Amino acid sequence: MAIRRRRNGDPVTATEALIASAEEHSAHNYHPLPVVVATAEGAWMTDVEGNRYLDMLAGYSALNFGHGNPRLLDAARAQLGRVTLTSRAFHHDRFADFCARLAELCGMEMVLPMNTGAEAVETAVKTARAWGYRVKGVPEGRARIIVAGDNFHGRTTTVISFSTDPEARADFGPYTPGFTVVPYGDLDAMSAALDENAEDTVAVLLEPIQGEAGVLVPPPGYLAGVRELTRERDVLFVADEIQSGLGRTGRTFACEHEGVVPDVYVLGKALGGGVVPVSAVVSSRAVLGVFAPGEHGSTFGGNPLACAVGLEVIEMLRGGEYQQRAAELGDHLHRELALLAQAPGSGVRAVRGRGLWAGVDVDPARGTGREISERLMARGVLVKDTHGSTIRIAPPLVIGKEDLDWGLGQLRDVLAG
């Protein structure tokens, strides 16, 4: 392969060549940081030039257990040698255990496995509508679901129909009807929306913590209030725990911080351990029992490889070690970020989050979130920006305290510079 060169004759680096090829041959629906990862282990990644980076994003929580976790890789390798796909036309010997153990972890009865988070959200929407028509008795075509502003539940056409993000919606209409948007964290607005048409409302769909919006934590009592409102009005409470669930916040589920058990959990990301895409809707028999054969499905949903990896994820969470680690390191993370925010001239305007998950609002005078992320990348730390001048911090739960402190030190130095 010929060496590509710049106009001045200098050779193009492997990173530059690979990024240029990606730009030429792939749709520009993402704007990644200019790093090309080749290998990874634990909380560290190495690029094609041999440079090492501390991963402070963890694949938006898909890598809660770190890169190349030996337990997950062993589970995947063992299953790869047996069978990887049967489709749901046939049973396979990992499916029953996966569903039973995931239901047990959630304190529920039934599981509907899918692949991606967006698929799981779409499945939850269909579940809620079918339950509304077949159990609650909502007249056909009138089912309504209440969602929160600034939500992020995926990018399918139905999901963007109730997004308030112009980038997600523009030029993708016409939009799916049947959704009412209320401000996130506003219990009075939620109560008013429910009272307006409780008979036709089938579900409230919420992220217990809004990740893409900047790791927004609702006011104390909000989730418990929503749970009470939905229970009183015979409406399903659907918790999208795709990012917030499975250990990220220091509990198995973020809803647990308010002692809330929703009617439906929507799970994904970490459920596949960063190895394969695995998602699921988990609920009671009374809710998921509404489906009949042929009404919903997925060729790869609940495949043997996904179930094998998912089973190991569930087993790793059952002992509580990862949740405890996220809680303890999360307390340390937020203490350090609070001290940074309080320091005169720190460049930090606000810090939010729970567990090993934080959103940091940076003074725009210090740079955009993208610019701060690029400066951190140059220092060997990988984060990602959102909504202008906000950066998200969500390292793998296996990160060491010394590595975490080193990464925070780089942030401190970048802002100071």
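All conditions in (1) under 23 Å from residue 387 (Cβ atoms); (2) surrounded by fewer than 21 Cβ atoms within 10 Å (Cβ to Cβ); (3) of a type outside the set (D, E, K, R) hold for residue 121, with the sole exception of (2). When restricted to residues that are aliphatic (A, V, I, L, M) and part of a helix (DSSP H, G or I), the range 160-174 contains 2. Checking each residue in the range 168-197 for being surrounded by 14 or more Cβ atoms within 10 Å (Cβ to Cβ) and among the charged types (D, E, K, R) picks out 169, 186.
Results for (1) of a type in the set (A, V, I, L, M, F, W, C); (2) closer than 20 Å to residue 271 by Cβ, shown as yes or no for each residue.
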site: 77; (1), (2): no, yes
site: 88; (1), (2): no, yes
site: 96; (1), (2): yes, yes
site: 137; (1), (2): no, no
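Taken over the range 239-271, residues that are assigned to a helix (DSSP H, G or I) and surrounded by fewer than 24 Cβ atoms within 10 Å (Cβ to Cβ) amount to 3. Here the range 131-167 is the region considered, the condition is being more than 20 Å from residue 227 (Cβ to Cβ) and among the charged types (D, E, K, R), and the residue that is surrounded by the most Cβ atoms within 10 Å (Cβ to Cβ) is 150.
Say whether the condition of being within 20 Å of residue 59 (Cα to Cα), touching a helix residue (DSSP H, G or I) at 6+ places or on another chain (Cβ under 9 Å) and assigned to a helix (DSSP H, G or I) is met by at least one residue in the range 359-371. No - not one qualifying residue is present in the range 359-371. Scanning the range 104-119 for residues that are closer than 22 Å to residue 316 by Cα, touching a residue at least 24 places away in the same chain (Cβ under 8 Å) and not β-branched (Val, Ile, Thr) returns 105, 106, 107, 108, 109, 110, 112, 113, 114, 115, 117. Between a residue in the range 307-331 that is in the same structural domain as residue 75 (by TED's automatic domain parsing) and assigned to a helix (DSSP H, G or I) and any residue that is of a type in the set (Phe, Trp, Tyr) and surrounded by fewer than 21 Cβ atoms within 10 Å (Cβ to Cβ), which pairs come within a Cβ distance under 7 Å, given they are 6 or more apart or on different chains? Correct list of pairs: 307/95. Among the candidates 213, 128, 203, 198, the residue that is assigned to a helix (DSSP H, G or I) and assigned by TED's automatic domain parsing to the domain that holds residue 244 is uniquely 128.
Against the criterion of being more than 18 Å from residue 99 (Cα to Cα) and either free of Cβ contacts under 8 Å to residues at least 40 places away in the same chain or in the same structural domain as residue 410 (by TED's automatic domain parsing) (or both), residue 341 qualifies.
The requirement of being touching a helix residue (DSSP H, G or I) at 6+ places or on another chain (Cβ under 7 Å), assigned by TED's automatic domain parsing to the domain that holds residue 385 and among the β-branched types (Val, Ile, Thr) is fulfilled nowhere in the range 10-21; no residue meets it. Could you tell me whether residue 337 is within 27 Å of residue 269 (Cβ to Cβ), in a helix (DSSP H, G or I) and aliphatic (A, V, I, L, M)? When the stated conditions are applied, residue 337 passes them. Evaluation of residue 113 against the conditions (1) modelled with pLDDT under 95; (2) in a strand (DSSP E or B) shows that the sole unmet condition is (1). Residue count for the range 227-236 under the criterion of being over 14 Å from residue 198 (Cβ atoms) and surrounded by 21 or more Cβ atoms within 10 Å (Cβ to Cβ): the result is 0. Taken together, 312, 321 contain a single residue that is of a type in the set (D, E, K, R) and crowded, with 19+ Cβ neighbours inside 10 Å, which is 312.
Only a single item in (1) within 19 Å of residue 253 (Cα to Cα); (2) of a type in the set (D, E, K, R); (3) not in a helix (DSSP H, G or I) is not met by residue 295, and it is number (1).
The values are calculated or read from the model by the stated rules, or taken from the named source; none is laboratory data. Quantities reported herein were computed from a predicted structural model and do not represent experimental measurements. Positions of Cβ are generated from backbone atoms using ideal geometry, with glycine treated the same way; all protein chains shown enter the neighbour counts.
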